[in-house]
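Below is one structure, written out as C-alpha cells, with a few remarks after it.
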Amino acid sequence: MEWNPQTVQFLSECFLHTLSPAPEPRRRAESSLAEAADRPYFALTVLRLVAEPSIDEQIRLAASVNFKNHLRLWWTRSNDEEEIKSRILEPEKEQIKSLIVPLMLSATPKIQSQLSEALAVIGNHDFPKSWPTLLPELVSSLQKASQVSDYASINGILGTADSIFKKFRFQYKSESLFLDLKYCLDNFAAPLLEIFLKTASLIDASAASAANLRPLFESQKLCCRIFYSLNFQELPEFFEDHMKEWMGEFRKYLTTSYPALESSGPDGVALVDELRAAVCENINLYIEKNEEEFQGYLNDFALAVWTLLGNVSQSSSRDQLAITAIKFLTTVSTSVHHTLFASEGVIPQICQCIVIPNVRLREEDEELFEINYIEFIRRDMEGSDLDTRRRIACELLKGIATHYGDAVRSIVSAQVQSLLSSFAANPGANWKDKDCAIYLVVSLATKKAGANYVSTELVDVQNFFESVIVPELQSSDVNGYPMLKAGALKFFTMFRTQISKHVVLKFFPDLVRFLAAESNVVHSYAASCIEKLLLVKDEGGRARYTSADINPFFAMLMNSLFNALKLPESEENQYVMKCIMRVLGVADISVDVARVGIEGLGSLLAEVCKNPKNPIFNHYLFESVAILVRRACERDLSLVSVFEASLFPRLEIILTNDVTEFFPYTFQLLAQLVELNRPPIPPIYMQIFEILLSPDSWKRAPNVPALVRLLQAFLQKASNEISQGDRLTKVLGIFDSLIQSSSSSEQGFYVLNTVIESLEYDVIKPYISHIWAALFRELQRRRTVKLIKSLLIFMSLFLIKHGSSNVVDTMNSVQSGIFVVILNQFWIPNLKLITGAIELKLTAVASTRLICESAVLLDPAVSVSWGKMVDSIVTLLSRPEEDRVVEEPDMPDITENVGYTATFVRLYNAGKKEEDPLKDIRDPKEFFVASLSRLSALSPGRYPKVISENVDPVNQAALLQLCNTYNLSIV
C-alpha cells in the first residue's frame, strides 16, 4: 500500500465511518479496511496516518486502535506448518520499529496509550533479541525528558517500559528469560531509580499544588509497577543494594497524606490510592519472595499498612487500596518474623476494625445483587471474589489463624453469636448482622483437599442450620429479605454433605418454592443447591439421592424450573438449566415425562437459535436434550420417533440459518439419534449423510470432531448403504484430508478405525492399498508420537478384525518388504507408548497374535525382531504407564477457550460409547503368556534362547513372573 493523497483520503474516510452509529456505513468501512489489510505495507501506512497532524484526531485515534489490533493478529509468524501467517514484511517491520517510539512520545494521551500497547505487542515478540535499539532509545528519551521535567514524555516512556517488562511476571523461569531480564536490569534499573528519586523530591516540593502532583504521582505509580515486574522472578542485586532508597520512599507514600491532591476530588484520591496500592503489591512481593532480606522493614510496614487501613473509607472507589493492603497483612500474618499479632487485644481489634467492617454488606453489594445477578453470583458463589473486600478480610483471619488458631476461632465464634443476637433483637433493622454472621461461617469454612467435604470449627453445622438457616428456608415469603435467603441457600449448598438426608428431604419442597422467588440470585441459588445436592455421594461412591427421593417432587420441580426460566432476566439462566440437566439425569423418565420434557427443551432451543448469547446456558440446554434422549430411549426405544419429530425441525433451523455456534452440538445429537435407530435407518438420515459427505461441511475446524462422531454413527448403523455407489470413496477421502493436518489427524484415524470395525473385508479390500499409501505418506512427512500411536492402534485393529496375513500382504503390495520395515522402525519401539485400557489390550493382543500366528514373524530368519517384539509386549503389560510414556511435545496445550468457535465442545451425554473389539479376551496378560506357551510347545527349546538373547533382563524377570502367575511355561 503506497503512501499518497488517495490512500490518505481512502483510509481517513474508512476510519471515520467505523465510528458511525449507523450499521451500514460502519460495516462497509470495516469490510474495506479488512480488504486493505491484506496488502503489503498496510500497517506502516496506517502508522503514518496516525502521525499526520493535519488529520482529525478522532480519525487518528481510530487508526491507532486498528494499527494495534492489526499488529496483534499479524506481527508474528504462526508455527503451524500448514499456514504461515504473516502479512507484515521484514522491511516494513523495521520501519515501524524505527518510527513508533518518537511518534508515541509526541502523541496525545489517548493515541499515546494505543501506540504504547502496540509497541508492547512488538516487544513481546521482538524484544530484546530482534529489537536491540529499543531499550537504549527509551533510556535516552527518558534522560532527555527528565532533564526538562517533561512528565508527559516521561510517563509515556515509563508506560511503555511497564508494558514490555510485564512478561517477566508471567513467563516460566528459563535461561532465556533470565538473560532477557539481566539485559533489562543492566540497562534500566539505574535510570528507573534515578527518575523515581527525582520525582519523589519534586513531590515533596510540590505538596501544595494538585495540578503539579498529578503527573508526578502517575510517574511514581508506573515506577512501582516496573519495580514489581523486574523483581518478580527473584531479588536482583541492584535492588538489594538500593533497598533502603526504595523502601524509604514506599513507606513515605503509605504514611504521608497529600491534602492538595486528596481534596481535589475523586480523581485525586484515586491517584494517591493507586500509588499506595502499587506500593502494597511491591512490599507483599518482597515478604512472599524475599522475606529474609525484607525482615528489617517488616514491622514498620505492617504498622503503616494497618494504620492506613483504619483511614480507608468503605467507598467502593477505594476497594483496590483496601484489598491490596489487607492482602499484605494476610501475608504478614503467616510470617514468623514479627510480633504484630501476638500483643494482647490486637486480634479482637483486627476483627472489629478491619474484618467486620469489610465483611458487612455495603450499598454497592446490594445494588450488584439487584442489577447484575450473574456478576454477584460469580463473586459470591464461584470463588472469583478473592479481589473483594469481603473475601480478603476473611482470608486475613485465615492467615492469622495459621499461628493463632484458637484465638481466632474463639473471637470469631463470639462475634458470630453477637451478630445473631443483634439480629434477633431487631430483625427488620439488623438483618445485615445475620448476613454478616452467615458469611463469616461460610467463608472461614475449610475444604478437605480433593473432596467436596467442607468443615468449620466456628459452629456446629447441624445446630447452626436448624437455628439460623431453617427459619429463612421456611419463611412463607420467598421474596422477603432476599440477601438473607441467598446466604441461607449458600450455606445449605456449602454444607450439603453434612446435613443428613432425612433433613434435606424435609426441606426439599422449600428449595422448590424458592425457584419462584423474584430475585434472580435467590432462584439461581435454589437451583444450584438442588443441582449440587443431586451430586452428593456417600461412601463407596453411591449417590445419596436417587430417583426414589425426587419422584414425589419431580413434576412440581420440573414445572418450577421451567417457570423460573420465564422470570425477567432469567430467560437464559445457566444455573436453572444446569439443574434441569441434573434432575433429568437422576429422575425416572417415563413416556409422558419424555414427551413433555422434549417439547419444553425444544421450545427453548428454538428461542436461543434466534440469538445465541449465553454459551454456558446453551451447553447445558443441549446436554439436557442429550440426557433426556439417552435415558428415555434406554427404557423405551419407540420414543426415538417422538424425539426425531420434535428435534428435527429445530436442528434444521440451526443448519439452514447457519447458526454456526450450534453446529457441533447439532451433529452430536444427530449422531446420538442415528445410533438409537435399528438398521435400516430412515431415509431422512441418508439425506443428512449426503450433506455430511460434502467437502464444504468440513471447512470449519470446530465442527470436525462432531462431524467425525456423526460419520462414525453412520458407518456403524448404515454399513450396507455406505458400501453402495461412491459413498465409501468419499468417506475415505475425508479420512485422507483429515490426517494431512496435525490438528485433525487423530480424527482421521477415528474415521478409519470405524471403517475397519464396521465394514466387511470384501467391501474395503479395493481401498486398502490407497489407505496404506496415505498412511505411509504421512509417516514420511512427520513422525510425531501422536501419529505413530494412531498408526499402531489402526494396524492392531486391522489385524484383530481381518487377520495378520491380510495386514502383511496388503502392506507389502504397496511396497515390497515394507511390513518388516514398519515393524522394526515403528511397531516394536513405540508399542510401549500406548495408553488407555482398551487401546493397551487391543495392541497387546494384536502384537501377540502377530508373533504367534504370522508366517513372517515365525520365520527363524527374523528371530531378532520376534524377540524384540516380545520385549516390547512385556514392557507394555508389566510396567505402569508413567514409567514407559514420555509427555508428548507435539502440540501446545490450549489454555483457554473463548466463546463458541475457538474449539469443539463435547456433549458428555451424547458421547460415543467405547466399544471393546476384544470382549471375548478378558486378560491380555494371560492371553500373551498362554499364546507363547502354546507356540513354544510346538518347537521346544527354540524360543527360550531367542528370549534370553533379545529381551531385556528386567523384562525376562517380568515374563517369568507372568508365567508363574498363570501357571504356564515357555519351553
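Looking at the range 265-273, can you tell me whether even one residue there is buried (at least 19 other Cβ atoms within 10 Å of the Cβ), among the acidic types (Asp, Glu) and in contact with a helix residue (DSSP H, G or I) (Cβ under 7 Å, 6 or more places away or on another chain)? Taking every residue of the range 265-273 in turn, at least one turns out to be buried (at least 19 other Cβ atoms within 10 Å of the Cβ), among the acidic types (Asp, Glu) and in contact with a helix residue (DSSP H, G or I) (Cβ under 7 Å, 6 or more places away or on another chain).
Given the range 301-392, what helices (runs of 4 or more DSSP H) lie entirely inside it while holding 3 or more residues that are open to solvent by less than 50 Å² (accessible area, probe 1.4 Å), of a type outside the set (A, V, I, L, M) and in contact with an Asp or Glu (Cβ under 8 Å, 6 or more places away or on another chain)?
So the answer is 319-333.
Screening the range 525-569 for residues that are over 31 Å from the mean Cα position of the chain (by Cα) and of a type in the set (Phe, Trp, Tyr) and picking the one that is nearest to Arg513 (Cα to Cα) gives Phe553. Hey, can you tell me all the residues within the range 684-718 that are of a type outside the set (A, V, I, L, M), touching a Ser or Thr at 6+ places or on another chain (Cβ under 6 Å) and at pLDDT 90 or above? Once the filter is applied, which keeps residues that are of a type outside the set (A, V, I, L, M), touching a Ser or Thr at 6+ places or on another chain (Cβ under 6 Å) and at pLDDT 90 or above, the range 684-718 yields Gln712, Gln716.
Table: residues versus (1) open to solvent by 30 Å² or more (accessible area, probe 1.4 Å); (2) part of a loop (DSSP other than H, G, I, E, B).
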residue: Asn463; (1), (2): yes, no
residue: Val478; (1), (2): no, yes
residue: Arg496; (1), (2): yes, yes
residue: His502; (1), (2): yes, no
residue: Asp510; (1), (2): no, no
residue: Arg513; (1), (2): yes, no
residue: Glu518; (1), (2): yes, yes
residue: Ala526; (1), (2): no, no
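Criterion applied to Leu361, Leu303, Leu368 was being among the aliphatic types (A, V, I, L, M) and either modelled with pLDDT under 90 or touching a Leu at 6+ places or on another chain (Cβ under 8 Å) (or both), and the one residue passing it is Leu303.
Against the test of being under 23 Å from Ser854 (Cα atoms), buried (at least 19 other Cβ atoms within 10 Å of the Cβ) and not hydrophobic (A, V, I, L, M, F, W, C), the options Ser816, Ser804 yield a single qualifying residue, Ser804.
Rundown of residues vs (1) open to solvent by less than 50 Å² (accessible area, probe 1.4 Å); (2) touching a helix residue (DSSP H, G or I) at 6+ places or on another chain (Cβ under 6 Å); (3) hydrophobic (A, V, I, L, M, F, W, C), yes/no style:
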{"residue": "Ser694", "(1), (2), (3)": "yes, no, no"}
{"residue": "Ala701", "(1), (2), (3)": "no, no, yes"}
{"residue": "Leu710", "(1), (2), (3)": "yes, yes, yes"}
{"residue": "Gly733", "(1), (2), (3)": "yes, no, no"}
{"residue": "Ser744", "(1), (2), (3)": "yes, yes, no"}
{"residue": "Asn753", "(1), (2), (3)": "yes, yes, no"}
{"residue": "Ser758", "(1), (2), (3)": "yes, yes, no"}
{"residue": "Leu779", "(1), (2), (3)": "yes, no, yes"}
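Reported count of residues in the range 337-376, each being among the aliphatic types (A, V, I, L, M) and closer than 17 Å to Lys398 by Cβ, is 8.
Listed here are the helices (runs of 4 or more DSSP H) enclosed by the range 669-779 that have at least 3 residues being over 24 Å from Phe794 (Cα atoms) and not hydrophobic (A, V, I, L, M, F, W, C): 683-692. Scanning the range 765-782 for residues that are of a type in the set (A, V, I, L, M, F, W, C) and within 15 Å of Asn753 (Cα to Cα) returns Ile768, Ile771, Trp772, Ala774, Leu775.
Quick check on Ala587: is it open to solvent by less than 70 Å² (accessible area, probe 1.4 Å) and within 23 Å of Lys913 (Cβ to Cβ)?
Taking the combined requirement at face value, the residue satisfies it.
Among residues of the range 359-384 that are of a type in the set (A, V, I, L, M), those with a Cβ under 6 angstrom from a residue that is open to solvent by 40 Å² or more (accessible area, probe 1.4 Å), sequence gap 6+ or separate chain, pair up as Leu361/Lys432. Specify the residue that is nearest to Leu115 (Cα to Cα); the eligible residues are those in the range 144-175 that are open to solvent by 60 Å² or more (accessible area, probe 1.4 Å) and assigned to a helix (DSSP H, G or I). This residue is Ala152. Are any residues in the range 641-663 assigned to a helix (DSSP H, G or I), closer than 23 Å to Ile734 by Cα and open to solvent by 10 Å² or more (accessible area, probe 1.4 Å), and if so, which ones? Within the range 641-663, Leu655, Thr656, Thr660, Glu661, Phe663 qualify. Counting only helices (runs of 4 or more DSSP H) that sit wholly inside the range 904-966, those with at least 1 residues that are surrounded by fewer than 14 Cβ atoms within 10 Å (Cβ to Cβ) and of a type in the set (Asp, Glu) are 942-950.
A search for C-beta distances below 6 Å between a residue of the range 668-684 that is open to solvent by 40 Å² or more (accessible area, probe 1.4 Å) and any residue that is part of a helix (DSSP H, G or I), counting only pairs 6+ apart in sequence or on different chains, returns Glu675/Ala713; Leu676/Cys633; Leu676/Val640; Pro679/Lys717.
When the range 523-559 is filtered for residues that are small (Gly, Ala, Ser) and either more than 20 Å from Glu472 (Cα to Cα) or modelled with pLDDT under 95 (or both), the ones remaining, listed by number, are Gly540, Gly541, Ala543, Ser547, Ala548, Ala555.
The values are calculated or read from the model by the stated rules, or taken from the named source; none is laboratory data. Since the model is a prediction, treat every value here as computed from it, not as a measurement. Methodologically, a virtual Cβ is constructed for each residue, glycine included, from the backbone with ideal geometry; neighbour enumeration extends over all protein chains shown. SASA here: full protein model, heavy atoms, side chains in, ligands and nucleic acids out. Shrake-Rupley method; radii C 1.70, N 1.55, O 1.52, S 1.80 Å.
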